Amino acid sequence: MTLLENKKIAIIGGGPAGLMLARLLQIENGDVSVYERDADREVRVQGATLDLHEGTGLKALKRAGLLDEFYKHHRPVASKMRLTDGKLNIAFDDHNFATITAETRPEIDRAPLRDILLNSLKPGTVVWNSHFVSMEKEKSGWRVHFKNGTNIYADLVIAADGANSKVRPYLSDIKPVYSGITLIEGNIYNAEKYTPNLFAFAKGGKVMAFDDEQFIGYGTKGDGSIMFVVNFKTPEEWLSKSGIDFANREQVLEWFKTAFPAWSDEWHEFFTNEGVHFIPRPQYYFPFDQTWETQECLTMIGDAAHRMPPYAGEGANVALRDAFELAENLTGNQFQDLKTAIAHFEKEMVVRGAQATKDTLENSERMFSKTGLEQMLAFFNQVKEAHNV
Ligand SMILES: Cc1cc2nc3c(=O)[nH]c(=O)nc-3n(C[C@H](O)[C@H](O)[C@H](O)COP(=O)(O)OP(=O)(O)OC[C@H]3O[C@@H](n4cnc5c(N)ncnc54)[C@H](O)[C@@H]3O)c2cc1C
């Protein structure tokens, strides 16, 4: 722990990356606080069910001593996949098999994952309602300012504030590249009531539908909600020029009917129910060869460092890996000073982030091609064969 001796560490952002890092540093007696913009821990957690991978997400949980907790809350049925075309004709159905194709990558909803991480931290570690706005150099660290008017001093700041990080510009001015794909995320609580047909169709698992170079994916969650994503190729300016009011579901439905002409009316249930909330998300990634000058009192992890489209299911996994690699670099004995430890971490992280970004962009090519469904079908059949199911 010598590098962090008497150092105050401020992690900005309490997503998977920030909370995991806090846990791992606390295990080594680090003096760490997490500053999170959410008002409190009860604020509804939206977002996808996550599948965690060997070597990244699962390894992080193991190092954090939280693997047993994870397996108490993971949801095997969430891995069950139905692959369809735009008219919900089923091409592949995991529900036909006793073994789940992707169970090697166990799934957990975000809310229980966040709870597991929060419950593992010392009381008071997360300072809620702390929306980072700016910081300036002070002594050998930073004076950090939040929207609520408060400020703190930290010797080491770690940006874990996600894809639109406000801390990242203090390290790098490299701008993200638009991937050519925009997605509309929709969240529906009490989905059985609001979208009974699509809810029943998923059978508690996931549905991935491909048609006409477009993709809709959705999954049901343990709290009875559905998250869906409507993904399509479009120019970067589409969102600003579309004029769609995403709080107005009639407008979103009208757009969907025009933009997804090959898709059947069954999908309209997602747009016509009064429980739905939409979030448009143009998909960006950082250049593969990004570099920045290492600082001794600032670094970044997770989406802040390597945002990417979600088509390989890697984002949260590499974010969790960043957490354990950084913790190891900071608390092990292999480096003489903080700057060298951070430089070593950043060099490897950029390579890992770039590899995951390449994977997701390659998957995008497949998923948004004319033969998206066939290619995904071949992929799942291969996995089945490999598992001898
Ligand atoms: C639709 C969709 C589906 C996805 N599916 C998957 C998947 O299946 N598998 C997978 O591995 N990944 C998936 N991802 C990617 C995954 O969500 C991210 O890679 C992951 O959440 C990154 O973790 P993080 O902790 O770096 O950032 P985040 O999860 O974004 O957490 C950042 C935290 O910082 C807080 N914050 C933001 N700004 C500030 C501020 N100014 N001050 C203080 N706090 C702030 C936020 O409130 C949040 O709590 C998906 C993403 C999307 C959009």
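Descriptive notes on the structure:
- Pairs where the first residue, in region 29-43, is in contact (Cβ under 8 Å) with a residue 24 or more places away in the chain and under 20 Å from residue 154 (Cβ atoms) and the second is within 9 Å of the ligand (Cβ to nearest atom) and of a type in the set (A, V, I, L, M), C-beta under 7 Å, 6+ apart: 34/19; 35/12
- For region 11-19, the count of residues that are on the phi > 0 side of the Ramachandran plot, open to solvent by less than 60 Å² (accessible area, probe 1.4 Å) and either within 13 Å of the ligand (Cβ to nearest atom) or not β-branched (Val, Ile, Thr) (or both) is at least one.
- Residue check for residue 213: in contact (Cβ under 8 Å) with a residue 12 or more places away in the chain, within 30 Å of residue 90 (Cα to Cα), touching a Pro at 6+ places or on another chain (Cβ under 9 Å) and of a type outside the set (Val, Ile, Thr): no
- The C-beta contact set for region 5-22 (first residue within 14 Å of residue 299 (Cβ to Cβ), second residue within 6 Å of the ligand (Cβ to nearest atom) and in a helix (DSSP H, G or I), distance under 7 angstrom, 6+ apart or interchain) comprises 11/18; 17/319.
- Qualifying residues in region 302-352 (those that are within 17 Å of the chain's Cα centre (by Cα) and charged (D, E, K, R)) - the one surrounded by the most Cβ atoms within 10 Å (Cβ to Cβ): 322
- Tally of residues being surrounded by 14 or more Cβ atoms within 10 Å (Cβ to Cβ), in contact (Cβ under 8 Å) with a residue 24 or more places away in the chain and either assigned to a helix (DSSP H, G or I) or among the aliphatic types (A, V, I, L, M) (or both) across region 245-265: 4
- Lone unmet requirement of (1) free of Cβ contacts under 8 Å to residues at least 60 places away in the same chain; (2) farther than 27 Å from residue 256 by Cβ for residue 89: (2)
- Pairs where the first residue, in region 370-381, is more than 9 Å from residue 212 (Cα to Cα) and the second is open to solvent by less than 50 Å² (accessible area, probe 1.4 Å) and part of a helix (DSSP H, G or I), C-beta under 6 Å, 6+ apart: none
- Filtering 213, 296, 237 for residues that are out of contact with any helix residue (DSSP H, G or I) (no Cβ under 6 Å at 6 or more places or on another chain) and open to solvent by 70 Å² or more (accessible area, probe 1.4 Å) leaves a single hit, 237.
Yes/no matrix, rows are residues, columns are (1) more than 12 Å from the ligand (Cβ to nearest atom); (2) open to solvent by 60 Å² or more (accessible area, probe 1.4 Å):
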{"site": "31", "(1), (2)": "yes, yes"}
{"site": "64", "(1), (2)": "yes, no"}
{"site": "70", "(1), (2)": "yes, no"}
{"site": "78", "(1), (2)": "no, no"}
{"site": "84", "(1), (2)": "yes, no"}
{"site": "87", "(1), (2)": "yes, yes"}
{"site": "90", "(1), (2)": "yes, yes"}
{"site": "98", "(1), (2)": "yes, yes"}
{"site": "104", "(1), (2)": "yes, yes"}
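- Residue match in region 124-137 (condition: in contact with a helix residue (DSSP H, G or I) (Cβ under 8 Å, 6 or more places away or on another chain), surrounded by fewer than 17 Cβ atoms within 10 Å (Cβ to Cβ) and acidic (Asp, Glu)): no
- The listed residue being surrounded by 20 or more Cβ atoms within 10 Å (Cβ to Cβ), among the β-branched types (Val, Ile, Thr), closer than 29 Å to residue 13 by Cβ and at pLDDT 95 or above, out of 230, 207: 230
- Scanning region 126-174 for residues that are small (Gly, Ala, Ser), within 11 Å of the ligand (Cβ to nearest atom) and under 23 Å from residue 283 (Cα atoms) turns up 159, 160, 162, 163, 165.
- Helices (runs of 4 or more DSSP H) (entirely within region 280-371) containing at least 3 residues that are of a type in the set (Asp, Glu) and out of contact with any His (no Cβ under 8 Å at 6 or more places or on another chain): 315-331, 338-367
The values are calculated or read from the model by the stated rules, or taken from the named source; none is laboratory data. Since the model is a prediction, treat every value here as computed from it, not as a measurement. Methodologically, a virtual Cβ is constructed for each residue, glycine included, from the backbone with ideal geometry; neighbour enumeration extends over all protein chains shown. Accessible surface areas use protein heavy atoms only, side chains included; no ligands, DNA or RNA. Shrake-Rupley method; radii C 1.70, N 1.55, O 1.52, S 1.80 Å.
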